[in-house]
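Step one of this worksheet: look at the structure below.
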Amino acid sequence: MYQITIQNFSGTLDLLLQLVEKKNLAITELSLAQVTQEYVTFVNEQEQINAEDLAEFLVIASTLLLIKSRSLLPSLTLAPEEENEILDLETRLKIYQLYKIAGEEIKKMFRKEIYIMARSGWKNVEPQFLPPPHLSADILSLSFQKILSELQIEDTPLLAEKKIKKIQTLEERIKTLLQKITQGSRFRLQDLSLNKNDKIDLILTFLAALHLAKKKIITIKQNNNFDDIWILNQS
């Protein structure tokens, strides 16, 4: 296990890229699933993140949890907008990686004090500045003022408001799951979900079950791929 501190990255994508590159992985849905736990753990451990930055971290964390859930539940069907969220995150991360590589190349150029790139001058020709006839500072000033006056600055459209549906936290779902499994010895995963038609609720229930299985409180069984997942009470 390795640690990344707040000083070692700049922004949500930079953190995610470092997690992927530390494992020497290509940027794919599978590699993003593998670094989900490290990303979520890091966000949980931060105590001094302002609300705006925290929102960006949580948006990416929610997409990573969606990717992780699909890797654990192959039968899980995602909505088109959820598929687009995953594809968008992969694309953004790949583009960010290209920008970061280009930035390192530019940094190397500045260290060599190469500040301008141009073709070589013609042999035996002295460079000269040849402005148009009658050009003056007043004419340049008027030209720039005209350009600025013709620029149309569009107002930024207001985003539509959307209410966030309140759901249980993982800790709350673990407590709820513990209460349910004391009422029997064998349960289907779907039957333990509070809302069988809600994919987010089903994913949350599955993550809670994984936690309890790790603590050896329950056993998770699935006979074949795409069969029902069964929860067995070990107590």
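The values are calculated or read from the model by the stated rules, or taken from the named source; none is laboratory data. This one's a predicted model, so the numbers in the text were calculated from it and none came from an experiment. Virtual Cβ from ideal backbone geometry, glycine too; neighbours counted across all protein chains shown.
Quick notes
- The one condition in (1) at pLDDT below 85; (2) touching a helix residue (DSSP H, G or I) at 6+ places or on another chain (Cβ under 8 Å); (3) under 30 Å from L232 (Cα atoms) that S185 fails to fulfil: (2)
- Residues of segment 57-71 satisfying the condition of being closer than 12 Å to L202 by Cα and among the aliphatic types (A, V, I, L, M): L66
- Residue in segment 190-224 that is surrounded by the most Cβ atoms within 10 Å (Cβ to Cβ), counting only those that are under 14 Å from T176 (Cβ atoms) and among the β-branched types (V, I, T): T205
- Test: residue in segment 99-113 that is modelled with pLDDT of 80 or more and within 17 Å of the chain's Cα centre (by Cα): yes
- Here segment 43-86 is the region considered, the condition is being of a type in the set (G, A, S) and outside any helix (DSSP H, G or I), and the residue that is modelled with the highest pLDDT is A79.
- Condition met for I174 (at pLDDT below 85, under 30 Å from A55 (Cα atoms) and β-branched (V, I, T)): no
- Matching helices (runs of 4 or more DSSP H) fully within segment 122-235 where at least 3 residues are among the aromatic types (F, W, Y) and more than 22 Å from L72 (Cα to Cα): none
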